[in-house]
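What follows is a single structure, written as structure tokens, with notes after it.
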Amino acid sequence: MEIDNLTPAELRVWRAFPKGEAVDFRTAEGEDVAGGAGWGGERTVRASVLRALMLNGPQEDGEIPALKVAGARVTGVLGLQYGTVEHAVRLSHCFFDDTPLLYGCRLRQLNLSGSVLPGLTAATLHVEAVLRLTDARVNGPVRLGGAQIAGALFMDRAEITAVDAGEPALQLNHMSIGDDLWAPGLRAHGEVRLNGATVAGSVNLNDARLSHPGDIVLDAQTLVVEGDFHLRRSHAFGWIGLRGARIAGRLDFSYAHLSNPGDAALRANSSTIGELWLRKGPPVEGTLSLRRAQIDDLFLEPEVVPEEVQFNKLVYTSLTPQEPAERRLPMLERDREGYVPHAYEQLTAAYRRIGDDHAARLVQLAKQRRRRATLPWYGRLWGHVQDAAVGYGFHPLRAGVWLVSLLAVGSVAFGLHHPPPLKAGEAPHFDPVFYTLDLLLPVISFGQEGAFAPRGWYQSLSYALVIAGWILATTVFAGVTRTINRQ
């Protein structure tokens with residue numbers, strides 16, 4: 001490019017480039033870059049001039065060239081597809097008339113902080129250091145799918161708005177980041193796509209506001225994060241998809257507001273997570289789905305659990321905070337799949353690991369009662385009998401109470417009215433207590449039952465005691481068998 005064709009503003013940039021000096025066109029502190037369309041020629045630079053500097057700019061011996069421009073209006077398309085830029089590039093607080101095209105480009109470093117753009121097309125971009133979009137405002141899609149960034153990606157307080165409803169606002173799918181994805185305070189109006197991405201550090205979306213109501217707002221399926229994934233105090237309007245994601249550290253939704261009424265709010269099916277924190281926020285609006293997920297530490301406060309959950313085949317090592325079983329059981333009853341035995345077994349195991357056997361028994365009892373509702377009428381009837389008699393084996397002392405009560409009734413009744421002997425000369429001395437025990441205990445015999453024959457109402461009472469004894473013995477046996485099998 002001939003230097004004679006440059007405007008005064010472009011000439012300043014051209015002369016500053018070889019020494020890596022910064023050119024700042026800003027006229028006031030904190031000026032609104034969104035009004036850049038009205039900036040005059042004194043601060044307007046053509047994209048073709050910037051392209052020429054980035055690809056083949058002048059150099060001076062002993063100096064490190066760099067493109068550092070602030071507060072400029074960039075006209076035309078900055079097209080660097082498949083180009084290689086050996087110098088650092090900082091175009092901060094600039095206003096771009098057209099979407100930069102950086103597809104397949106290789107850069108040392110790129111800084112677009114505070115700039116306003118109509119979009120950014122940079123799929124398969126390679127950056128040797130960091131990419132900065134801090135405080136940037138993009139009124140169109142940001143396409144970074146398949147990009148490789150050796151350092152960190154900074155998008156803190158950036159605002160991105162999808163113009164086309166059918167295209168994601170922020171496309172980071174299949175991206176590779178060698179450090180952190182740092183985007184606290186991000187505002188995205190449309191889908192944020194992170195599926196298949198790999199982050200060697202952590203992801204920070206604290207205080208982010210993601211809005212795509214009624215549709216997917218954060219698609220992070222098969223995402224791999226070697227550190228933590230923070231969404232503290234974030235607001236998500238739409239559903240978050242984490243199916244198959246692997247997060248080695250903590251997935252933190254503390255103080256977050258997840259809202260997608262009528263559908264799933266969070267889908268983390270088949271994911272592998274070190275710690276999942278759902279705490280201190282309002283109840284999730286929508287379904288919480290953790291089917292087939294594997295979580296080391298599940299920090300789940302009962303107040304945050306929504307009206308519908310999906311916990312089938314969810315596996316977790318510990319469940320915090322420590323809550324009584326009465327507070328945890330209602331969330332299992334909200335499962336959309338109905339009775340899910342595995343969910344009760346997981347909760348039981350969590351209580352046993354902390355030594356709370358009483359809570360574990362309550363969960364197992366609740367499991368049997370929930371299962372009873374799925375049985376045919378005769379199964380439900382037998383279940384009620386087992387529940388009343390011995391609490392499905394989890395209240396064995398209740399059998400003793402029943403035995404003592406029936407023994408007292410029979411002893412008093414037959415003590416007041418001795419049944420006549422079958423053979424007057426051969427009958428043993430009548431004992432109302434052992435006669436009642438003979439009726440109640442189906443296996444043990446004291447020689448009383450076969451020697452006496454009650455009549456009338458007392459005969460009916462004897463039949464009732466025999467039936468009660470068999471039922472009591474059967475329920476005790478079933479309860480003991482269930483306990484042994486469980487252990």
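Here are some notes:
- Condition check for residue 207: in a loop (DSSP other than H, G, I, E, B), free of Cβ contacts under 8 Å to residues at least 60 places away in the same chain, open to solvent by 60 Å² or more (accessible area, probe 1.4 Å) and not basic (Lys, Arg): yes
- Looking at 408, 388, 349, just one residue is modelled with pLDDT of 80 or more, part of a helix (DSSP H, G or I) and more than 30 Å from residue 301 (Cα to Cα), and that residue is 408.
- Residue match in region 114-125 (condition: within 22 Å of residue 16 (Cα to Cα) and either free of Cβ contacts under 8 Å to residues at least 24 places away in the same chain or touching a His at 6+ places or on another chain (Cβ under 9 Å) (or both)): yes
- The residue that is most open to solvent (accessible area, probe 1.4 Å), among those in region 412-432 that are part of a loop (DSSP other than H, G, I, E, B) and of a type in the set (A, V, I, L, M, F, W, C), is 422.
- Across region 132-147, the number of residues qualifying as under 13 Å from residue 110 (Cβ atoms) and not in a loop (DSSP other than H, G, I, E, B) comes to 2.
- Between 217, 224, the distinction of being at pLDDT 95 or above, of a type outside the set (D, E, K, R) and in contact with a Ser or Thr (Cβ under 6 Å, 6 or more places away or on another chain) belongs to 224 only.
So that you can scan it fast, the table gives a plain yes or no per residue for (1) modelled with pLDDT of 95 or more; (2) of a type in the set (Val, Ile, Thr); (3) over 18 Å from residue 197 (Cβ atoms):
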residue: 107; (1), (2), (3): yes, no, yes
residue: 122; (1), (2), (3): yes, no, no
residue: 127; (1), (2), (3): yes, yes, no
residue: 138; (1), (2), (3): yes, yes, yes
residue: 147; (1), (2), (3): yes, no, no
residue: 159; (1), (2), (3): yes, no, yes
residue: 166; (1), (2), (3): no, no, yes
residue: 169; (1), (2), (3): yes, no, no
residue: 173; (1), (2), (3): yes, no, no
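- Residue within region 140-163 that is in contact with a Pro (Cβ under 7 Å, 6 or more places away or on another chain), crowded, with 21+ Cβ neighbours inside 10 Å and under 23 Å from residue 47 (Cα atoms) present: yes
- Note on region 215-231: among residues that are of a type in the set (D, E, K, R) and not in a loop (DSSP other than H, G, I, E, B), the one that is nearest to the chain's Cα centre (by Cα) is 219.
- Within region 242-279, the set of residues being crowded, with 19+ Cβ neighbours inside 10 Å, in a strand (DSSP E or B) and hydrophobic (A, V, I, L, M, F, W, C) comprises 247, 251, 258, 264, 265, 266, 273, 276, 277, 278.
- Checking residue 188 against (1) small (Gly, Ala, Ser); (2) within 21 Å of residue 221 (Cα to Cα); (3) in contact (Cβ under 8 Å) with a residue 12 or more places away in the chain; (4) part of a loop (DSSP other than H, G, I, E, B), the condition it does not meet: (4)
The values are calculated or read from the model by the stated rules, or taken from the named source; none is laboratory data. Owing to the predicted nature of the structure, the values given are computational and were not obtained by experimental measurement. Methodologically, a virtual Cβ is constructed for each residue, glycine included, from the backbone with ideal geometry; neighbour enumeration extends over all protein chains shown. Heavy atoms of the whole protein, side chains included, go into the accessibility calculation; ligands, DNA and RNA do not. Shrake-Rupley method; radii C 1.70, N 1.55, O 1.52, S 1.80 Å.
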